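Everything below concerns the one structure shown next.
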C-alpha cells in the first residue's frame with residue numbers, strides 16, 4: 001500500500017525526520033516547479049529572451065553614435081518593458097514553484113538545523 005499526501009500529516013505536524021521527509025516529498029511533488037503550467041514556464045522563457053534582447057540593445061545604445069542611437073534606445077526600452085512584463089507574469093503564475101513549495105523547503109532547512117543542534121548537544125554530553 002502506498003501512502004498518498006492525504007494519508008500523511010502536513011510537514012509542519014511531523015514528529016520525526018522520516019515522517020517529515022515523506023510528507024514534504026509529497027507536498028513538493030504537488031507544488032514544485034515541475035507541477036507548474038506550460039504557459040507559466042513559456043512566459044518565463046519569453047521574458048528571459050526579451051531580457052537578453054534588452055541587454056544587447058542597451059549595450060548598443062551605449063556603444064553606438066549618431067542617429068541610430070535613438071532607435072536602439074527605443075528598442076532597449078521596449079524590450080526591457082517586455083522582459084519585466086513577461087518574466088514577472090511567469091513567476092507569479094508559478095513557473096518557479098508555488099509559495100507552498102518554498103515554505104516546505106524552508107521547513108526542511110529548519111529540520112536539518114534542529115537535527116544538527118540535537119547531535120551537537122548529545123555529543124557535548126559525552
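Each reported figure results from applying straightforward, stated rules to the coordinates on display, with no laboratory input. All values derive from a computational prediction rather than experimental measurement. Glycine also receives a Cβ, built like all others from the backbone with ideal geometry; neighbour counts cover every protein chain displayed.
Stokes-Einstein, applied to the Kirkwood radius of segment 37-96 over Cα pairs at a viscosity of 1.567 mPa s and 4 °C, places its translational diffusion at 110 µm² s⁻¹.
Dividing the mean sequence gap of close Cα pairs (under 8 Å, 6+ apart) by how many residues segment 37-96 holds gives a relative contact order of 57 percent.
A Förster radius of 30 Å, combined with the Cβ-Cβ distance separating residue 25 from residue 99, puts the computed FRET efficiency at roughly 0.95.
Using the Cβ-Cβ distance between residue 10 and residue 52 with R0 set to 41 Å, the FRET efficiency works out to roughly 0.50.
Our summary gives the chain a relative contact order of 32 percent, counting only alpha carbon pairs under 8 angstrom and 6 or more residues apart.
All alpha carbon pair distances within the chain were sorted into 10 Å bins beginning at 0; the resulting P(r) in whole percents reads 13, 25, 20, 17, 13, 9, 3, 0.
Working from Cα positions, state the angle (0 to 90°, nearest 10) between the long axis of helix 17-31 and the longest principal axis of the chain. Helix 17-31 sits roughly 30 degrees off the main axis of the chain.
Length gained on full extension, residue 39 to residue 125: 25.5 nm, using 0.36 nm per residue less the C-alpha separation. Extension gain, residue 118 to residue 63: 0.36 nm times the residue separation minus the Cα-Cα distance gives 14.0 nm.
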